[in-house]
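I have placed the structure first, in the form of structure tokens, so that the comments after it can refer back to it.
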Amino acid sequence: MKIGFIGLGRMGSAMAANLITAGHEVTVFNRSAGKRRSLAQLGAHEASDIAAACRGEAVVTMLADDAAVTDIALGDGGITASLAKGATHLSMSTISVALSKRLAQAHGRAGQSYVAAPVFGRPDMAAAGKLFIVAAGNPDTVDICRPMLAVMGQTTTQIHSEPWAANLVKLSGNFLMASVIEALGEAIALIGKAGIDRHAYVEFLTSTVFTAPAYRIYGNLIADRKFEPAAFAAPLGYKDIRLALAAAEPLEVPMPLASLLHDRFLRVIAQGGEQLDWAAIGDLARQDGGDPRHSNGRGSSAVE
């Protein structure tokens, strides 16, 4: 397929590289030219503006937040203004339900197709083409996108015919993941202050009753207090919890745990943790418990 790819952060660069390697004709655009050039060495075409990335059958976006997607998709010279009628915008960013609905309407008015397909997985999974993808949109359009999705993910689950549904599923999934991190942090703080080996505890749990990868990944990060470099930065986690709460409000669904997580992320950021992995909220319970025995090698936590 002839594809445009916009948004070349750690996740986007890995996803675009897999599309290139699989033989798709890929044109890449990113505000930072350096990120475009590294993919050009793999065989990608460089686009000097958004319009140049919108000349194929589809354009993929993998951007940080609502503001970036709004600017790229709906701004002057953006995707809706540049994409051909009948072509598809495959949005793989984690964005709000409200923006996803707005994008579907804008593309519909322009005679374009829109599919939301946010992903679950960290950069190493993106590089390996092992992301878990949840897709929503017109089933025929999702089928058109499957050759791309198959390269970027190990599974693609079509959840609904309305694109916003995939974004709500993604936000709910990130809420659950953050809840796991908070629960692990509290449990590890409890046994750690009692003098029990944190690593042995995590190994026991993740090899017996909590075998899901999230428990092993985040349990070890919390036990090691290893929150740098960030695979998924704390401000992104904060953003996703805010969007989950925003989606819950019109549905009148109380989410008290999400409100707690909102404040946990805000605390990490307020203490200078913008560059830390979102797993850093898992160290707050240790701080609250006043346990001084576990250092990150610098004498204190990066978020203290």
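The values are calculated or read from the model by the stated rules, or taken from the named source; none is laboratory data. Small disclaimer: the values here were computed from a predicted structure and weren't measured. Backbone-built Cβ (ideal geometry, glycine too); neighbour counts: all protein chains shown.
Do you know which of the residues in the stretch 209-225 that are of a type in the set (Val, Ile, Thr) and within 14 Å of Ala187 (Cβ to Cβ) is surrounded by the most Cβ atoms within 10 Å (Cβ to Cβ)? Once the filter is applied, the top-ranked residue is Ile222. Filtering the stretch 126-157 to residues that are among the polar types (S, T, N, Q) and either within 15 Å of Ser100 (Cβ to Cβ) or not assigned by TED's automatic domain parsing to the domain that holds Gly56 (or both) leaves Asn138, Thr141. Counted as qualifying within the stretch 93-187 are the strands (runs of 3 or more DSSP E) with 3 or more residues that are buried (at least 23 other Cβ atoms within 10 Å of the Cβ) and at pLDDT 95 or above, namely 113-116, 131-136.
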